[in-house]
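Single-structure report; data block below.
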Amino acid sequence: MAPSLDHRLLIQTSPFLKREISTPRLMLEVILSVLPVLIAAIYFFGLSALLVVFAAILGAIATEWGLGSQRPRWVTLRDGSAILTGLLLGLTLPPGIPLWMAFIGGVVGIGLGKLIWGGLGQNLFNPALVGRAFLQASFPTTLTSWSVHGGFNEFLSIRGQNLALPFLHGAADAVTTATPLALMKFQHQSTDWQALLIGQTGGSLGETSALIIILCGAVMLARRIFDWRIPVSILLSVAVFSTLLFLIAPQQYPAPWFMLLSGGLLFGTIYMATDPVTSPLSPKATWIFGAGIGVLVVLIRLFGGLPEGVMYAILLMNAAAPLIERSIQPRAFGRGRSS
């Protein structure tokens, strides 16, 4: 007589996870946690920020709905993942981007970053970063043109470039600026840490105020929305690596605090790298995953051709995550090495 299922031995590698929160609830909590970042973006860049984010969300939802109508198993609009993807994508974009580009980014993020892999939970790469990478490769000039922040006085302002027609040149912004990372890389000019902390700098919509991102991340951590090992390993590796370089050549390399507070590192660390679908699950793998992102960020920023490397670092480690997970799994007892 065969033993009952309750008495059978389950042989499986850790971790053994039991989620007590549904996917829609998890998505809702992340969306709520990122709303302060969106509000800050609207404060710094006016209604252009809201329109860009809305266009990205609209593109993501339209793709989810359009492709899902032919493939019912992919219909996941109700779980909020398309809204979250569009929201995160929009916050990685500059405020002066044409709205049609943001819409296309949302389409590509959901289409190539999620649905093509089989839907939610099957994707290898972070969908929002897939959309951002596509826009970066297709429209590099627009994606590296940064508008100055105007504060509350320009709350009702909409940049002329936002309303440009597809593949046509729209009205250029009156004033553009370089990001702190670009100033450091190409002009060897540092930015005051208080400006980075508060948000008085140019950059993508969601990366300007480090303080707000830190506070939002602390709330998410307290609510156990993500694995604390990933952000800690990323920030620790960036701090250690950049400190070593700074001690070797302080005139050539920026201080560690600048590397931590500038660019999209904090936003990418809190909202992108911690995606449970595209990151490892076992504790050891998460440390390796996060450390790899941190090292790649420093290498790309300081030795690559672009001033920022967070997007590429996360996507590269997304690709490596399954390999990392498999490589640290112990060999089953009594099983020899594969030839």
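Coordinate-derived values only; no laboratory data. In this text the structure is predicted, and so the values were computed from the model without any measurement. Quick reminder, even Gly has a Cβ in these numbers, built from the backbone with ideal geometry, and neighbours come from all protein chains shown.
Order these peptides, 319-329, 90-100, by their mean beta-carbon neighbour count within 10 angstrom, highest first.
On the way: 319-329: 14.7, 90-100: 25.5.
Sorting 319-329, 90-100 by mean packing, highest first, produces 90-100, 319-329.
For region 90-102, just list the computed ³J(HN,Hα) in residue order, Karplus coefficients 6.51, -1.76 and 1.60, θ = phi - 60°, integers in Hz, with x standing in for Gly and Pro.
Those phi angles translate into x, 6, 8, 9, x, x, x, 6, x, 5, 5, 5, 4 Hz.
Starting from the amide H of W146, placed 1.01 Å from N in the peptide plane, find each other amide H under 5 Å away whose residue is 5 or more places distant or on another chain.
It is T177, by chain and number.
Residue-wise, which Karplus ³J(HN,Hα) couplings in Hz belong to region 39-47, taking 6.51 cos²θ - 1.76 cosθ + 1.60, θ = phi - 60°, and x for glycine or proline?
Values per residue, Gly and Pro as x: 4, 5, 5, 5, 4, 6, 10, x, 5 Hz.
For the peptides 240-248, 286-294, 125-133, what is the packing order when you average, over each peptide's residues, the other Cβ atoms within 10 Å and list the highest mean first? Provide the component values of the computation, followed by the final result.
Working: 240-248: 15.6, 286-294: 24.2, 125-133: 27.6.
Top to bottom by mean Cβ count within 10 Å: 125-133, 286-294, 240-248.
Taking a virtual spin label 7 Å from the Cα of L35 along the C-beta vector, which residues in region 254-284 bring their backbone nitrogen under 19 Å of it?
Label zone hits: 271.
For S327 and Q194 in the same chain, what is the full-extension length gain: residue separation times 0.36 nm, less their Cα-Cα distance, in nm?
Values: separation 133, 0.36 × 133 = 47.88 nm, distance 4.23 nm.
Roughly 43.6 nm would be gained on extension.
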